[in-house]
Amino acid sequence: MDYLVVGGSALEAKGYEIGTEDIDFVITPKGFYEIDDELEKSSRFRMIDKIKTMIETKFFFENTWRTVEFLDPGYFSGERSPDEFIDYVKRYRSTKEKVGYIADPEVVFFMRLMVTDWEIYVQKIMRDLKAGLSIDLLEDVIKISENLGVKEKIEPRVEKTKEIIDAQMR
């Protein structure tokens, strides 16, 4: 199955201590629909929630249940296909590690600003900046949005994010 590690877990894998307790994966559309069946069969997973764009489960690891989220890339691919989004991130905006491809921080920021309720993720971006990430990554978010054909949607969100961060970090 083709996938990317994203979200706070990707940032932690890159060495930033942000305190996330879950792990997020973006998986191919085919894998997204196949994983549902696999999760139901496994005793190591408990289904929690399934919506059109995300499957959230609990995975039993080291004597505790941990949250795992599987995300549909179609929600983040803009004008491109979901498979093209995964290919773009793998080729240009990630690093390959033993566990698979780990998305770069600007991809994490982009995905947070792509969702409908993006404003709630500004706090997470602020937390990430406090952990050592650079606000300049927001410029790379705009470059990603250009590549995916959603600059008109993302650029105002980036500007508003900068304003909120500036106001709260003064």
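A few comments on the model shown:
- Test result for Ser43, in a loop (DSSP other than H, G, I, E, B), within 30 Å of Leu138 (Cβ to Cβ) and either within 17 Å of the chain's Cα centre (by Cα) or modelled with pLDDT under 95 (or both): no
To keep it simple, each residue is scored yes or no on (1) modelled with pLDDT of 90 or more; (2) assigned to a loop (DSSP other than H, G, I, E, B); (3) touching a Leu at 6+ places or on another chain (Cβ under 8 Å).
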| residue | (1), (2), (3) |
| --- | --- |
| Glu12 | yes, no, no |
| Glu17 | yes, yes, no |
| Thr20 | no, yes, yes |
| Lys58 | no, no, no |
| Ser77 | yes, yes, yes |
| Val89 | yes, no, yes |
| Lys96 | yes, no, no |
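- Beta carbons closer than 6 Å, at least 6 apart along the sequence or on distinct chains, pair a first residue in the stretch 152-170 that is polar (S, T, N, Q) with a second that is assigned to a helix (DSSP H, G or I) for Thr161/Val122.
- Filter result (closer than 21 Å to Arg91 by Cα and in contact with a strand residue (DSSP E or B) (Cβ under 6 Å, 6 or more places away or on another chain)) within the stretch 2-42: Tyr3, Leu4, Val5, Val6, Gly7, Ser9, Ala10, Ala13, Asp24, Phe25, Val26, Ile27
- Test result for Lys50, without any contact (Cβ under 8 Å) to a residue 40 or more places away in the chain, buried (at least 16 other Cβ atoms within 10 Å of the Cβ) and in a strand (DSSP E or B): no
- Subset of the stretch 98-127 (residues that are crowded, with 17+ Cβ neighbours inside 10 Å, assigned to a helix (DSSP H, G or I) and acidic (Asp, Glu)): Glu106
- Search result, residues across the stretch 60-75 that are within 13 Å of the chain's Cα centre (by Cα) and outside any strand (DSSP E or B): Asp72, Pro73, Gly74, Tyr75
- Qualifying residue in the stretch 148-155 (condition: under 26 Å from Glu21 (Cα atoms), surrounded by fewer than 16 Cβ atoms within 10 Å (Cβ to Cβ) and not hydrophobic (A, V, I, L, M, F, W, C)): no
- Restricting the stretch 1-43 to residues that are of a type in the set (D, E, K, R) and surrounded by 12 or more Cβ atoms within 10 Å (Cβ to Cβ), the residue that is nearest to Glu97 (Cα to Cα) is Lys14.
- In this entry, Asp36 passes the filter for residues that are free of Cβ contacts under 8 Å to residues at least 60 places away in the same chain, more than 30 Å from Lys151 (Cα to Cα) and of a type in the set (Asp, Glu).
- Comparison of Ile27, Ile55, Ile86, Ile102 shows that the only residue that is under 24 Å from Ser134 (Cβ atoms), β-branched (Val, Ile, Thr) and touching a residue at least 12 places away in the same chain (Cβ under 8 Å) is Ile102.
- Conditions (1) exposed (fewer than 14 other Cβ atoms within 10 Å of the Cβ); (2) of a type in the set (D, E, K, R); (3) within 21 Å of Val26 (Cβ to Cβ); number of the one not met by Lys130: (3)
The values are calculated or read from the model by the stated rules, or taken from the named source; none is laboratory data. Just so you know, these numbers come straight off a predicted model, no measurement behind them. Heads up, the Cβs are rebuilt from the backbone with ideal geometry, glycines too, and the neighbour counts pull from every protein chain shown.
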